[in-house]
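**Q** Below you will find the structure I want to go over with you.
The values are calculated or read from the model by the stated rules, or taken from the named source; none is laboratory data. Worth saying up front: this structure is predicted, and the values here are computed from it rather than measured. Glycine gets a Cβ as well: all are built from the backbone with ideal geometry, and neighbour counts include every protein chain shown. Protein only, heavy atoms only, side chains kept; ligands, DNA and RNA dropped before computing areas. Shrake-Rupley method; radii C 1.70, N 1.55, O 1.52, S 1.80 Å.
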Amino acid sequence: MTEMQFEPKIIAFCCNWCSYAGADLAGVSRFQYPPNVRIIRVMCSGRVDPSFVIEAFKQGADGVIVAGCHPNDCHYISGNQKAATRAEFLTSFLEEVGIDPSRFKLEWIAGSEGEKFASTVKRMVEEIKVLGPLGSEVL
Amino acid sequence: MEASPETKQPEKEVIGVFVCHCGTNIGGVVNCEKVAEIASQIPGVVVSKDLKYACSDLGQEEIRKAIKEKGLNRVVVASCSPRLHEYTFKNCVEGAGLNPYFMHMVNLREQCSWVHMKEPELATGKAANLVKMGIERSRLSTALSPREVTVEPSCLIIGGGIAGIQAALDIGDKGFKTYLVEKEPSIGGHMAQLDKTFPTGDCAICILAPKMVEVARNKNVEMLSYSEVVDIQGYVGNFTVKIRKKPRYVMEEKCVGCGVCAEKCPVKVPNEFDMGFGSRKAIYVPFPQAVPLKYTIDRENCLHFKTGKCQLCVKACVNEAIDHKQEPEEIELKVGTVIVATGFDVYTPTRKGVYRYWEYKNVITALELERLINAAGPTGGHLVRPSDGVEPQRIAFIQCVGSRNLKIANKYCSRVCCMYAMKNSQIIMEHSPDAEIAIYYNDIRAFGKGFEELYHRVREDYGIEFIRGRPAKLTKDPVTENITIRAEETLLAKITEREFDLVVLSVGLIPNPGTAPVQKMLSLPVSDDGFLAESHPKLRPVETAIEGVFICGCAQGPKDIPDSVAQAKAAASAASTLMIKGKHIVEPLYANVNEELCVGCGLCAELCPYHAIEIAEKDGQSKAVVTEALCHGCGTCAAGCPQHAINQLQFTDQQLMNELTAALAAKNSAGGE
């Protein structure tokens, strides 16, 4: 690995019941994706405090994913709806502070969607490589 | 959360790291020795080993030995997904005297070696980083103990159809107090309306009535008919239920069901049990086999309630059972478990649909047909068509009405319509051997035991014609009121127009309107199709996201009678398991309030999907109070607290931030350490 090529750091908060299970299924199915992502397991996407996402960017993450169960599929009834509300807020907040909001993604990934997990990570890594390291955007 | 005495919160972290090869599953990609070596450099780590198979007896023994010899107070196992082996390793460390919540798992297999198979170096770097994240997180672990709640040995069953009846019988027979609540005047549900059942041709009421009687006689079952659940509070093992018993205006204890009152009643109204074809009086039982066989006054139509004058039923009743002044009664119950068996309703064709159900008298639904071919129905089982009361000779069935139709958002297959159409065709042919019957279908789904055989029988022995195609247009002859169906017969690749005397719409099943209020009271998740969602589609088919609440029958999704009965027995078994144990273990994932920081704003209480948080006065100040047994551990409250005063055990802000910091501090993001 040369220091020259930019390798983005991506944090993915995954809910235990759907998205973390989806990430596990990606493994079981041997769907390959770039190793740039670090999964942080939470019980529900509703657990993700917007300040966690902001903190991740503060500490140098180039991209953050919050992944939860599909609408109406939340293990905790409505935690994912709360995650969605917070995501809206985060998107506008990031724009406000000069971070390209496409560095943050809310994704619905079911336990059966290993392929979707892998492709989400792949796409995110590619997009952020184009965007460059955090702070390189001019908004 | 107090620590159990033998596992006091340790002062300083003494960490053991165990990196599993999982044969070649991890070891074939990740250099496990190197990962263990990198981890050994991290402050606080006193043991760092790679193991061939950590989950094997040998591997587990190695971990236990290290705990004892080195006095480990944190164990990090880097192996497969915690979703697979978390309990294995928790039990393992507990065996060595360490509180199980000091064990933390790092996922090196599903989320590292298996997804970076062609990049061993990067995978090794990432693995080392993942282990570091785990170590940093585990520093903040605390000793926890699962909480036990007692389970009341009683069950509430909502819905008195075949599923609810069967569940009540099973639980009552096991010796548990059972309350069977039914909103209609009689139990029995939709099954009581059916004529015969597929594929065997058993008479529905003949097999149902004995069960209805049996459940009424069961000493442990208390039947609350003509009653509705109005409130449910509490949690697994300890639900408080409020039931509203509607006034029958007939005293149940005095009514003997003789029916003299109904003979004298001057008011005739369409009988909803007969889908409006027959009539009943304003004082009535819905059908002769009703259980309980107690009369009910329909307040809306009763002349006494309308004019205050009529007293004919009161005069007729020798037992003085009629009481027009009866008030609704509220009953409060304590139960440990709940089974929701609120069933289905049939789909009602839309007013502007192509099938003209609302315009053409001779277009009827399948449930209406059931009453018209039923010996106990309004015509005594003699099939006549509504427009002129003449026996129809040419009959068409149209399948998938309200099912598998994206236009009305019912994508699902209702699972019973193919078979009931065949069954009803057979019954009609038995009564009128000269009849001509055609079934317009999309696909025939004859998947159950004996179903395919019935499909063959109706085609070969009864000459039922199967036409593949969805009708596009129905028109009515203004004189005869016969119906012409225009359809593309896809197997012939032809558009045909055929005339019939009667058209039966094979309407699908939709959730019963009675389900929604119960679903809201219990906060039960709903599937895409609108039916109640089970915990897991394969492995937890009768459990729900709410502990202690089970579902069965058509409340969970369209199904036939055998499946409803099987599921009812499963739900009864699952509820009984809880009640037999008498206690339930709750994982310590619940929210925890730091009262010094809490300002009592109540945002957490609003966010909680389980109503587990209340704002209470404590020493003159408002504070959030969590009912641990109600808390499911999602952490939504913790994420929303502006004061960071509420935290989730095992997933505290600080634990997650430690993980985050360790992830982002790595030298090389793609590789890691």
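**Q** Largest first and in whole Å, what are the equivalent-ellipsoid semi-axes of the range B:385-541 based on the Cα gyration tensor, each being the root of 5 times an eigenvalue? Spell out each step's value before the answer.
**A** Working: eigenvalues 215, 71, 51 Å².
Sorted largest first and rounded, they come to 33, 19, 16 Å.
**Q** In Å² (nearest 100), what accessible area is buried between A and B, both sides summed, heavy protein atoms only, 1.4 Å probe?
**A** 4400
**Q** How far is it, in nm, from the label point at residue B:332 to the one at residue B:68 when both lie 7 Å from their Cα along the line to the Cβ?
**A** Once both label points are built, they end up 5.4 nm from each other.
**Q** Return the long-range amide H neighbours of residue A:63 (sequence gap of 5 or more, or a different chain), with a cut-off of under 5 Å between placed amide H atoms.
**A** Amide H neighbours of residue A:63: A:9, A:11.
**Q** How far apart, in nm, are two points set 7 Å out from the Cα along the Cα-to-Cβ line at residue B:447 and at residue B:246?
**A** 3.6
**Q** Below 27 Å Cα-Cα, how many Lys pairs turn up in the range B:316-416? Only count pairs eight or more apart in sequence, or on different chains, if you could.
**A** Numbers: B:352/B:361; B:352/B:407; B:352/B:411; B:361/B:407.
Count of close lysine pairs: 4.
**Q** Just the number, please: Stokes-Einstein D of the range B:253-358 in µm²/s, Kirkwood Rh from C-alpha pairs, 4 °C, 1.567 mPa s. If you can, show how the numbers build up before the last one.
**A** Numbers: Rh = 16.7 Å.
The estimated diffusion coefficient comes to 77 µm²/s.
**Q** Once neighbouring chains are kept in place and the probe is 1.4 Å, which whole percent of the accessible area of the range A:41-139 is contributed by carbon and sulfur? Can you show the working numbers first?
**A** Details: 2150 of 3990 Å².
Looking at the range A:41-139 in its full context, I get 54 percent from C and S.
**Q** Sorting check: for B:537-549, B:473-485, which peptide has the highest mean count of neighbouring beta carbons within 10 Å, and how do the rest follow? The partial results should precede the final answer.
**A** Numbers: B:537-549: 18.4, B:473-485: 15.6.
Packing proxy ranking, top to bottom: B:537-549, B:473-485.
**Q** Can you list the HN-Hα couplings for the range B:324-335, worked out from phi with the Karplus curve (6.51, -1.76, 1.60; θ = phi - 60°), rounded to whole Hz and with x for Gly and Pro?
**A** Listing the rounded values in order: 5, 9, 4, 10, x, 10, 9, 10, 10, 10, 10, 9 Hz.
**Q** Please identify the chymotrypsin sites (Phe, Trp or Tyr not before Pro) of the range B:276-374 that satisfy two criteria: DSSP loop assignment and at most 13 other Cβ atoms within 10 Å. Which are they?
**A** On the way: sites: B:277, B:284, B:295, B:305, B:344, B:347, B:355, B:357, B:358, B:360; in loops: B:277, B:295, B:347, B:355, B:357, B:358, B:360.
Here the sparse-neighbourhood loop sites are B:358.
**Q** Can I ask one more? What 222 nm value per residue comes from the helices of the protein assembly as shown, counting each DSSP H run with n ≥ 4 as -39,500 (n - 2.57) and dividing by all residues, nearest 500 deg cm²/dmol?
**A** Working: 21 runs with 235 residues, N = 812.
Per the formula, -9000 deg cm²/dmol.
**Q** Report relative contact order for the range B:124-238 in percent, whole number only (criteria: Cα-Cα under 8 Å, sequence separation at least 6). Show your work: numbers first, answer last.
**A** On the way: 147 pairs, mean separation 33.1, N = 115.
Value for the range B:124-238: 29 percent.
**Q** First measure r as the distance between the Cβ atoms of residue B:540 and residue B:303, then evaluate 1/(1 + (r/R0)^6) with R0 = 60 Å and state the FRET efficiency to the nearest 0.05. Please list the in-between numbers first.
**A** Numbers: r = 52 Å, r/R0 = 0.87.
In this case the efficiency is close to 0.70.
**Q** Using the heavy atoms of the protein chains alone and a 1.4 angstrom probe, what is the accessible area of chain B per residue in square angstrom? Can you show the working numbers first?
**A** Working: 28770 Å² over 673 residues.
Per-residue value: 43 Å².
**Q** While we're on this one: Once neighbouring chains are kept in place and the probe is 1.4 Å, which whole percent of the accessible area of the range B:346-509 is contributed by carbon and sulfur? Don't skip to the end; give the middle numbers.
**A** On the way: 3690 of 7460 Å².
Answer for the range B:346-509: carbon and sulfur cover 49 percent of the accessible area.
**Q** Given an 8 Å cut-off on Cα distances and at least 6 residues of separation, report the relative contact order of chain B as a percent. Don't skip to the answer; put the middle values down first.
**A** Working: 1468 pairs, mean separation 92.9, N = 673.
This gives 14 percent for chain B.
**Q** Return one whole number: the accessible area per residue of chain A in Å², for a 1.4 Å probe. Before the final figure, lay out each step's value.
**A** Numbers: 5380 Å² over 139 residues.
Solvent-accessible surface per residue comes out at 39 Å².
**Q** Within the accessible area of the range B:591-648, what % is carbon and sulfur when the probe is 1.4 Å and the other protein chains stay in place? Intermediate values should be presented prior to the final figure.
**A** Details: 1250 of 2700 Å².
In the range B:591-648, the share of accessible area belonging to carbon and sulfur is 46 percent.
**Q** Using 1/(1 + (r/R0)^6) with R0 = 22 angstrom and r between the beta carbons of residue A:58 and residue B:596, what's the FRET efficiency to the nearest 0.05? Please list the in-between numbers first.
**A** Numbers: r = 26 Å, r/R0 = 1.18.
Given R0 = 22 Å and the Cβ-Cβ separation, E is 0.25.
**Q** While we're looking at this one, here's another question. Which distance in nm do the two modelled labels at residue B:320 and residue A:51 give, with both placed 7 Å along the Cα-to-Cβ direction?
**A** Using points 7 Å along Cα→Cβ, the separation is 7.2 nm.
**Q** Computed from the mean reciprocal separation of all distinct C-alpha pairs, what Kirkwood hydrodynamic radius does chain B have, in Å?
**A** Details: mean 1/r = 0.0339 Å⁻¹.
So the Kirkwood estimate lands at 29.5 Å.
**Q** Oh, and also: Provide the FRET efficiency to the nearest 0.05 for the residue B:231-residue B:527 pair, computing r from the beta carbons and using R0 = 35 Å. Don't skip to the end; give the middle numbers.
**A** Details: r = 25 Å, r/R0 = 0.71.
FRET efficiency, residue B:231 to residue B:527: 0.90.
**Q** Related question: Which residues of the range A:72-114 end up with at least 40 Å² less accessible area in the presence of all protein chains than when their chain stands alone, using a 1.4 Å probe?
**A** By number: A:72, A:75, A:76, A:77, A:82, A:86.
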